[in-house]
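K.L.:
Here it is, the structure, as structure tokens.
The values are calculated or read from the model by the stated rules, or taken from the named source; none is laboratory data. Because the structure is predicted, anything quoted here is derived from the model rather than measured. Cβ placement follows ideal geometry from the backbone for every residue including glycine, while neighbour counts extend to all protein chains displayed.
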Amino acid sequence: MAEKCGYYTRNEPLSFISSGNVMLLTLVTNKEKNYPGFRATYSQVPLKSQDCGGKLSGLNGTFTSPNFPSHYPPLTKCVWDIEVPEGKSVKVQFNKLLMSEPGQNNNNCPKDYVEVNSEKLCGDKPYSTVVTNTVNKIVVIFNSDMSYVDSGFTAEFEAFVPTTQCEPDQIKCRNGLCKVKFWQCDGVNDCGDSTDEENCGSCKSGEFSCRNGSCISERLKCDGRADCADGSDESKCAKSLVLQCSEYTYKCKNNMCISKLNPECDEEEDCDDGSDEANCRKFRYLTQLPLHHQTNFYHHYPDF
């Protein structure tokens, strides 16, 4: 269902639900380094607890994929029939949508997807994505195949009265919504269809800007892999990676280069040879002395 590695805190536990009564868990390691590994628990879940979909009505409401924010099960299909009062239009806003599979092209969503108004949505969309309908009904379909799974989505629906013209201090989004111009190019997808963040000369909302100018999904930052070619997505993370040396890396005394920026004297050995912490004992000692002692001591203290 998924391949996972890296570091996960207690605040972001991983959870999976199988499509049946069997689940296979495989641990794969190599000979390079030793790591603590993982600890997991398992339990049985009634099949009926995975039920999803149904009829939703009213002026507004919320719904999510099964098991969100943990991973949805494979081989699952959910259909939501949403209806708001007559005379109003309806919009569905996906506040977060995480349905991607490594190596897959998300342009036509060949694997897991959400379908709204015959439009398929997939991939990583961590910020608001809005789909509207000019009538008072809309159908949302969630579908997962038997392979890789992800976190899914959380969404809300709301009735609104469509406007044909926006105010002078507003921009009109492609989905028919009006947003204040002050929000244009602020790095947040306020329209929901990214109209307000287009042609801004930078990465789109929900993307991380690498130092070399390329853009990657914000979700790939600090995931334990160098997704930017220059490794800048791992440069300000708790753990450091060994990378090919460049102007964006730190070079250890053993000529190995790591991703973390300014790793010296942060009380954590990022270099395998410990060279980023090698001269820090003297530095910490000096900074603890009164200022008038530091100057004299610095000139006369021998090297460690």
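K.L.:
Does region 132-151 hold any residues that are within 28 Å of the chain's Cα centre (by Cα), modelled with pLDDT of 90 or more and not aliphatic (A, V, I, L, M), and which are they?
P.N.:
Phe142, Asn143, Ser144
K.L.:
Also: Go through region 231-256 and give me each residue that's buried (at least 20 other Cβ atoms within 10 Å of the Cβ), among the charged types (D, E, K, R) and at pLDDT below 80.
P.N.:
Matches in region 231-256: Glu234 only.
K.L.:
Further, regarding this structure: Of the conditions (1) at pLDDT 90 or above; (2) touching a Lys or Arg at 6+ places or on another chain (Cβ under 6 Å), Phe94 fails just one. Which one is it?
P.N.:
Single failed check for Phe94: (2).
K.L.:
Report whether or not Ser147 is surrounded by 13 or more Cβ atoms within 10 Å (Cβ to Cβ) and more than 24 Å from Ile82 (Cα to Cα). Reasoning before the result, please.
P.N.:
Values: surrounded by 13 or more Cβ atoms within 10 Å (Cβ to Cβ): yes; more than 24 Å from Ile82 (Cα to Cα): yes.
So Ser147 passes the test.
K.L.:
Something else now. Take Ile141 and decide whether it is among the β-branched types (Val, Ile, Thr) and either in the same structural domain as Asp124 (by TED's automatic domain parsing) or buried (at least 19 other Cβ atoms within 10 Å of the Cβ) (or both).
P.N.:
Working: among the β-branched types (Val, Ile, Thr): yes; either in the same structural domain as Asp124 (by TED's automatic domain parsing) or buried (at least 19 other Cβ atoms within 10 Å of the Cβ) (or both): yes.
Judged against the criteria, Ile141 is a match.
K.L.:
A further question follows. Does Cys271 count as of a type in the set (A, V, I, L, M, F, W, C), at pLDDT 70 or above and within 20 Å of the chain's Cα centre (by Cα)? Give the derivation first.
P.N.:
Numbers: of a type in the set (A, V, I, L, M, F, W, C): yes; at pLDDT 70 or above: yes; within 20 Å of the chain's Cα centre (by Cα): no.
Taking the combined requirement at face value, the residue does not satisfy it.
K.L.:
Quick one: Phe94 ticks every box in (1) surrounded by fewer than 20 Cβ atoms within 10 Å (Cβ to Cβ); (2) closer than 22 Å to Glu207 by Cβ; (3) among the aromatic types (Phe, Trp, Tyr) bar one, so which box is it?
P.N.:
(1) is the only condition that Phe94 fails.
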